[in-house]
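J.: Take this structure, written in structure tokens, and hold onto it; I'll ask about it next.
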Amino acid sequence: MTYADSGYGERPYGDVPGGDFIRDIIANDLKSGRINSVVARFPPEPNGYLHIGHAKSICLNFGIAEEFSGRCHLRFDDTNPTREEQEYIDAIEADVRWLGFDWGKHLYHASDYFERLYGWAEDLIRKSLAYVDDQTQDEMRAARGTLTEPGRNSPFRDRTVEENLDLFRRMKSGEFPNGARVLRAKIDMASGNINLRDPVLYRILHATHPRTGTAWSIYPSYDYAHGQSDAIEGVTHSICTLEFEDHRPLYDWFLDHLPVPSRPRQYEFARLNLTYTVLSKRVLTELVRGGHVKGWDDPRMPTLAGLRRRGVPPSAIRDFIKRIGVAKANSVVDAGVLDFSIREVLNKTALRRMAVLRPLKVVIENYPEGQSEELDAVNHPDDPAAGTRKVRFGRELYIEQDDFMENPPKKFFRLSPGTEVRLRYAYFITCREVVKNAAGEVIELRCTYDPATKGGNAPDGRKVKATMHWVSAKHAVPAEIRLYNPLFNSASPDAGNFAADLNPNSLEVLADARVEPALAGLNSAEPVQFERQGYFAPDPDSTPDHLVFNRTVGLRDSFAKVVGKP
Ligand code: ATP
Ligand code: MG
């Protein structure tokens, strides 16, 4: 993707890139000649689907590669086969592409480097910088100390190089059960930085890896694999989130003591947090496994797959990420900002259509039975090139239930007994009579129309205070509409006990909506605007006989109303 078609227009940071602290650092490194070209990477662990937080990291890493004419790798940090699955690998690749980025031939896996990482671990042993520890996990934890107390050396810390090499090789050959031993770096059990208290480099795991199968019985820790993978790939700027700041001294220790081919520098930025949203893969996994949502691509999920299914265009996500910027201080972004970006994009691109979500029947008494006519409707008010279409008008119509009130309060200007309103693209109608069922509910309105107001204007210049959408009862197509509200009731859901904060009304299904026939022939997944209602996208559950639409976003900021926020 180039800037021209990214939707951003001009280069966002001017001719001399810069604009946030990371872009400043890169601009300076290029200017000073410290590097010739920038190499970045996006390094997901394939243990879940990508979410909007990952989008921040993707847009940052691929974005700087584009802006500074460098490159960005997609690298799977696949060091934990017990939690990784091919489904996640495939989904991550599809999602990064969908977001608009391309890694070209630079697709890598930490598992590509397992041999090399293993060799370097033997090097550390030979330099007496690593040892095999037989302590149990509990013993290791107890000996690790706390933030205020130093740890204690393991009784196995002073094994000879020969003994360590022998044990490590036997770990590798699969001789010991899971958890029997680990390989640890020999650094400093009294270090003020707990990450330097002899961190684990390898653990025994008899597990099948999605790529290496059963070739390995030991797997490197994330901390041991991550920085070295960057160094192997020649990554110049290892950009990660703030929680890895305390790991940087350990990554540097590895670079200092191993014959790595390059020396990446790590920079940390603040992760994205969103109100009413949880961006923890653990919680998202539990939402899926626990059946709280229908899957990873449930439109209520903050995953890229969920946002896509809801109808969110990738350019809206890129716009959102650009809007919130990159900084070093943690903060929480209002979820309304994302909705704002979505509306900004869809307002420009989405075709207008009419759909009645909660139908109320209207009979136009003075319109001839058995007759109907075609009227012109514009596809986009700001884009004449989008053209017009025909909509059918007839004697029986549907309007929105809440566009009618039998006993309206003062400021209600829509339909009520005796009032006249405009039906969009059609005629003025006046309500003459209300028909109710045995329960006293309004089930039908008897109205009249003024044939002189065709197209929506009265020749005598009289005005109406409301213009309403409608569909022809005979021609409209039934549809199921899924309305989504925030998945959580709380602006800052408790990740530890997320179930308590789940919004029981996050999904509202309207099973009996009616949409104009033009929507039945829709053969793209592009969202449309249902006039006066919001933006809606066809759901993949749709069949030729059963249309299903997802509300992507309403027309106005609904957060205040939906969840009681000021
Ligand atoms: P895990 O707990 O499984 O490690 P993770 O969210 O860190 O979850 P990774 O696959 O390790 O998932 O993330 C890949 C990259 O995305 C990392 O560089 C990480 O820093 C970044 N990332 C993850 N969450 C966010 C977020 N909320 N905002 C910005 N970047 C994020
Ligand atoms: Mg991670």
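The values are calculated or read from the model by the stated rules, or taken from the named source; none is laboratory data. Small disclaimer: the values here were computed from a predicted structure and weren't measured. Please note: Cβ atoms are built from the backbone with ideal geometry, for glycine as well, and neighbour counts cover all protein chains shown.
J.: What are the pairs, 6+ residues apart or on separate chains, where a residue within region 324-341 that is without any contact (Cβ under 8 Å) to a residue 24 or more places away in the chain has its Cβ under 7 Å from a residue that is surrounded by fewer than 15 Cβ atoms within 10 Å (Cβ to Cβ) and charged (D, E, K, R)?
T.: Note: pairs meeting the criteria are Val337/Arg323.
J.: For Val509, which of the numbered conditions (1) in contact with a Lys or Arg (Cβ under 7 Å, 6 or more places away or on another chain); (2) surrounded by 15 or more Cβ atoms within 10 Å (Cβ to Cβ) fails to hold?
T.: (2)
J.: Within region 228-247, which residues are part of a helix (DSSP H, G or I), away from ligand 2 (no atom under 15 Å from the Cβ) and farther than 15 Å from Leu183 by Cβ?
T.: Answer for region 228-247, where residues must be part of a helix (DSSP H, G or I), away from ligand 2 (no atom under 15 Å from the Cβ) and farther than 15 Å from Leu183 by Cβ: Ala231, Ile232, Glu233.
J.: If you don't mind, another one. In the list Asp334, Asp297, which residue meets the criterion of being under 21 Å from Leu487 (Cβ atoms), away from ligand 1 (no atom under 16 Å from the Cβ) and not assigned by TED's automatic domain parsing to the domain that holds Asp376?
T.: One residue alone meets the criteria, Asp297.
J.: Residue pairs, Cβ under 6 Å, 6 or more apart or interchain, first in region 241-265 and in the same structural domain as Ile58 (by TED's automatic domain parsing) and without any contact (Cβ under 8 Å) to a residue 60 or more places away in the chain, second within 13 Å of ligand 1 (Cβ to nearest atom) and β-branched (Val, Ile, Thr). List them.
T.: Final answer for the pair search is Pro264/Val235.
J.: Also, I was wondering about something else. Quick check on this structure: which one of Gly151, Gly145, Gly119 is in the same structural domain as Leu258 (by TED's automatic domain parsing), under 43 Å from the mean Cα position of the chain (by Cα) and farther than 23 Å from Asp246 by Cα?
T.: Going through Gly151, Gly145, Gly119 in turn, the sole match is Gly119.
J.: Could you please find all residues in region 387-420 being in a strand (DSSP E or B), surrounded by fewer than 22 Cβ atoms within 10 Å (Cβ to Cβ) and out of contact with any Pro (no Cβ under 8 Å at 6 or more places or on another chain)?
T.: Selection gives Thr388, Arg389, Lys390, Gly394, Glu396, Glu420.
J.: Also, I was wondering about something else. Exactly one of these conditions fails for Thr277: (1) more than 16 Å from ligand 2 (Cβ to nearest atom); (2) of a type in the set (S, T, N, Q); (3) under 28 Å from Thr82 (Cα atoms); (4) assigned to a helix (DSSP H, G or I). Give me its number.
T.: (4)
J.: Look through region 238-275, keep the residues that are more than 12 Å from ligand 1 (Cβ to nearest atom) and under 17 Å from Asn36 (Cα atoms), and return whichever of them is surrounded by the fewest Cβ atoms within 10 Å (Cβ to Cβ).
T.: Pro261
J.: Right, here's the next one. For Arg211, are the conditions met, namely being within 33 Å of the chain's Cα centre (by Cα), of a type in the set (D, E, K, R) and part of a loop (DSSP other than H, G, I, E, B)?
T.: yes
J.: Taking region 40-58, which residues are touching a residue at least 60 places away in the same chain (Cβ under 8 Å), within 6 Å of ligand 1 (Cβ to nearest atom) and either assigned to a loop (DSSP other than H, G, I, E, B) or on the phi > 0 side of the Ramachandran plot (or both)?
T.: Pro43, Glu45, Asn47, listed by residue number.
J.: I've got another one for you. Could you list, in sequence order, all residues of region 194-227 that are within 16 Å of ligand 2 (Cβ to nearest atom) and under 27 Å from Glu87 (Cβ atoms)?
T.: Tyr219, Pro220, Ser221, Tyr222, Asp223, Tyr224, Ala225, His226
J.: Name the residue that is nearest to the chain's Cα centre (by Cα), counting only residues in region 59-82 that are more than 8 Å from ligand 1 (Cβ to nearest atom) and in a loop (DSSP other than H, G, I, E, B).
T.: My answer is Asp78.
J.: Hey, among the residues in region 217-227 that are assigned to a helix (DSSP H, G or I) and out of contact with any Pro (no Cβ under 8 Å at 6 or more places or on another chain), which one's surrounded by the most Cβ atoms within 10 Å (Cβ to Cβ)?
T.: So the residue we want is Ala225.
J.: Quick one: how many residues across region 119-150 are out of contact with any strand residue (DSSP E or B) (no Cβ under 8 Å at 6 or more places or on another chain), within 24 Å of Leu255 (Cα to Cα) and not acidic (Asp, Glu)?
T.: The qualifying residues number 6.
J.: Provide a single number: the residues in region 26-35 that are farther than 14 Å from Gly63 by Cβ and either touching a strand residue (DSSP E or B) at 6+ places or on another chain (Cβ under 7 Å) or assigned to a loop (DSSP other than H, G, I, E, B) (or both).
T.: 3
J.: Continuing with this model, one more query. What number goes with the only condition from (1) among the aliphatic types (A, V, I, L, M); (2) in contact (Cβ under 8 Å) with a residue 24 or more places away in the chain; (3) exposed (fewer than 13 other Cβ atoms within 10 Å of the Cβ) that Ala500 does not pass?
T.: (2)
J.: Could you list, in sequence order, the residues of region 316-351 that are crowded, with 19+ Cβ neighbours inside 10 Å, among the charged types (D, E, K, R) and under 16 Å from Pro527 (Cβ atoms)?
T.: Within region 316-351, Asp319, Asp339, Arg343 meet the criteria.
J.: For Ser37, indicate whether it is in contact (Cβ under 8 Å) with a residue 12 or more places away in the chain, away from ligand 1 (no atom under 13 Å from the Cβ), more than 29 Å from His209 (Cβ to Cβ) and not acidic (Asp, Glu).
T.: Considered against the rule, which asks whether it is in contact (Cβ under 8 Å) with a residue 12 or more places away in the chain, away from ligand 1 (no atom under 13 Å from the Cβ), more than 29 Å from His209 (Cβ to Cβ) and not acidic (Asp, Glu), Ser37 comes out as yes.
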